[in-house]
Amino acid sequence: MRIISGIQPTNVPTLGNYIGAMKNFVKIQNEFEDVDLLVFVADLHSITVERDRAELKKNIKTLAALYLAIGLDPAKCHLFIQSEVPEHTELSYVLECNAYIGEMERMIQFKEKSAKEGASVRTGLLTYPILMAADILLYDADKVPVGEDQKQHLEITKVIAERFNNKYGDTFTIPEPYILKSGARIMSLQDPLKKMSKSDPNQKGYITLLDNIDEAKNKIRRAVTDSIGVVKYDQENQPAVTNLINIYSNLTGESIESIEKKYEGLGYKEFKEDLANIVGDELTKIQTKYNEIIKSDILNKVLDEGRDYAHYLAVKKIRKVHKRVGLGRE
Ligand code: AMP
Ligand code: TRP
C-alpha cells in the first residue's frame, strides 16, 4: 500500500498541523504493515499567494527538519521537496485539461483564500487542487492522511482520476482520504469557531512547533474558555473547552471520558495548567531533536534519497500518462 501526504512550508507548522496530519504520518510509519510512505514539502503549493523568497527558503528547510524531528524515519519512509520532482507540474497540466473551471471555483478553500486576495487572485490559487491531485495520482497512492479541511480536495482528486480512467483507460489508483475523527480539526485558542491556522494574524490563536516553550504554555493558559466552568466535551455549548480536551487527548492518548473524570469538580485553571505542561513537554521533545538535525548534515542526504525515489516512480507514471493521452512521438 502506498501512502502520500504533504504540508505547505508557510510559517512553521502549528499544533493543528501536528495533531491533524503530521502525528498521523508517524503513526502510519510505525503501525501500518507493508506501507510505502512518501511525505513531501509542498513548496509549489505555497506560492499561490505572495511569499518572501528568503522566508520561503527557510520554511522549506524547517519543515523538512521537523518531519525528522517528530519521528519520521528515513529508513522507513521517503521525504522530499515537491519542486525537486518536476513531474508534479507536468502531470498537473495534463490533469488541468481534464478538470473544469467550475469545479475549481466551487472549492471552499479557493473561495475563502481568493476573498482575502481581492483583485490579485492568481491562477495558481484556482488550479491548486489539480496540482494536489497530481501529487497524489503520480504515485498511485491508496491513502492520503490529511486534516478535515482537505477533504474536498481529496474528493475532486477522485473525480479527476475517475474521469481520466474512464476516458483513457485504467491509469490511476483511486485514492481514499485518511482522516482521523479526533484531532482532524484543531481550533484557534482565541476563537473556537475558527480553525487553528499558521496564517492567523492573531498569534495567540496558534502554537507553532518551534514556539518558545514558555510562550506556548502561556498561550494555553490564556486560551479562551467559557463561564460554565466544567471540563466537559460539548462541541455545541463549550467549543473552546472541547478543543482543549481534544488537544489534551491527542497528545496524551487519554480518552475524553477519562479526562472529563480527572477534572470533575475542578475548574479550568488546573486543567489548563496540566495541558500547558503537556504541550510544553511535547514541544521540548520535538525541539531538542530539531536542533540536533539542523546542525547535522543528515537533512540533505535524506532529501536527496527521497527526491530520487519519488522521481523514479514519477517518471514511469508520466510516461504512461503521455502515452495514454497520445502526446509525443511514441
Ligand atoms: P497546510 O498547513 O494547509 O499545508 O496543512 C497541512 C496539513 O495539516 C493538512 O493535512 C491539513 O488538513 C492539516 N491541518 C491544517 N490545519 C489544521 C487544524 N487546525 N487542525 C487539524 N489539521 C489541520
Ligand atoms: N493542500 C494541502 C494543504 O494545504 C497540502 C498538500 C499538497 C497535500 N499536496 C498534497 C496533502 C497531497 C496531501 C496530499 O494542507
key: Whichever residue in segment 182-194 is surrounded by 20 or more Cβ atoms within 10 Å (Cβ to Cβ) and in contact with a strand residue (DSSP E or B) (Cβ under 9 Å, 6 or more places away or on another chain) and, among such residues, is farthest from A240 (Cα to Cα)   = I186
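Let's see how each residue does on (1) modelled with pLDDT under 90; (2) over 24 Å from G253 (Cα atoms):
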site	(1), (2)
E105	no, yes
K111	no, yes
A119	yes, yes
L131	no, yes
S182	yes, no
S188	no, no
K195	no, no
T208	no, no
query = With (1) within 13 Å of ligand 2 (Cβ to nearest atom); (2) touching an Asp or Glu at 6+ places or on another chain (Cβ under 8 Å); (3) outside any loop (DSSP other than H, G, I, E, B) as the list, and A184 as the residue in question, which single condition is left unmet?
reply = (3)
task = Would you check which residues across segment 150-171 are within 14 Å of ligand 2 (Cβ to nearest atom) and without any contact (Cβ under 8 Å) to a residue 60 or more places away in the chain and list them?
result = Q150, K151, Q152, H153, L154, E155, I156, T157, K158, A161
task = Answer yes if at least one residue in segment 9-19 is without any contact (Cβ under 8 Å) to a residue 60 or more places away in the chain, within 14 Å of ligand 2 (Cβ to nearest atom), closer than 16 Å to L79 by Cβ and buried (at least 24 other Cβ atoms within 10 Å of the Cβ), and no otherwise.
result = yes
remark   = Selection from segment 1-10 of residues more than 8 Å from ligand 1 (Cβ to nearest atom) and either of a type in the set (V, I, T) or farther than 16 Å from G306 by Cβ (or both) yields M1, I3, I4
query = Among the listed residues S258, S249, S296, which satisfies the condition of being touching a helix residue (DSSP H, G or I) at 6+ places or on another chain (Cβ under 9 Å) and within 27 Å of S5 (Cβ to Cβ)?
reply = S249
query = Among the residues of segment 19-43, which ones are within 12 Å of ligand 1 (Cβ to nearest atom) and under 23 Å from L131 (Cα atoms)?
reply = G20, A21, M22, N24, F25, V39, F40, V41, A42, D43
request  = Identify all residues within segment 38-75 that are assigned to a helix (DSSP H, G or I), away from ligand 2 (no atom under 15 Å from the Cβ) and of a type in the set (D, E, K, R); write none if there are none.
outcome  = R53, E55, K57, K58, K61
message = As an exercise: evaluate K111 against (1) surrounded by 14 or more Cβ atoms within 10 Å (Cβ to Cβ); (2) away from ligand 2 (no atom under 11 Å from the Cβ) and give the number of the one condition it does not meet.
response = (1)
key: Sole exception among (1) of a type in the set (A, V, I, L, M); (2) free of Cβ contacts under 8 Å to residues at least 60 places away in the same chain; (3) away from ligand 1 (no atom under 12 Å from the Cβ) for A65, by number   = (2)
request  = Output the number of the condition that E264 fails; it satisfies all remaining conditions of (1) under 26 Å from N24 (Cβ atoms); (2) touching a residue at least 24 places away in the same chain (Cβ under 8 Å); (3) out of contact with any helix residue (DSSP H, G or I) (no Cβ under 7 Å at 6 or more places or on another chain); (4) of a type in the set (D, E).
outcome  = (1)
message = Given the criterion hydroxyl-bearing (S, T, Y), under 18 Å from the mean Cα position of the chain (by Cα) and either farther than 30 Å from N166 by Cβ or not assigned by TED's automatic domain parsing to the domain that holds Y128 (or both), identify the matching residue among T62, T48.
response = T62
request  = For segment 169-181, name all the residues that are in a loop (DSSP other than H, G, I, E, B), within 16 Å of ligand 1 (Cβ to nearest atom) and buried (at least 16 other Cβ atoms within 10 Å of the Cβ).
outcome  = P175, I179, L180
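The values are calculated or read from the model by the stated rules, or taken from the named source; none is laboratory data. Just so we're clear, the structure is a prediction, and the values are computed from it rather than from any experiment. Cβ: placed from backbone, ideal geometry, glycine included. Neighbour counts: every protein chain shown.
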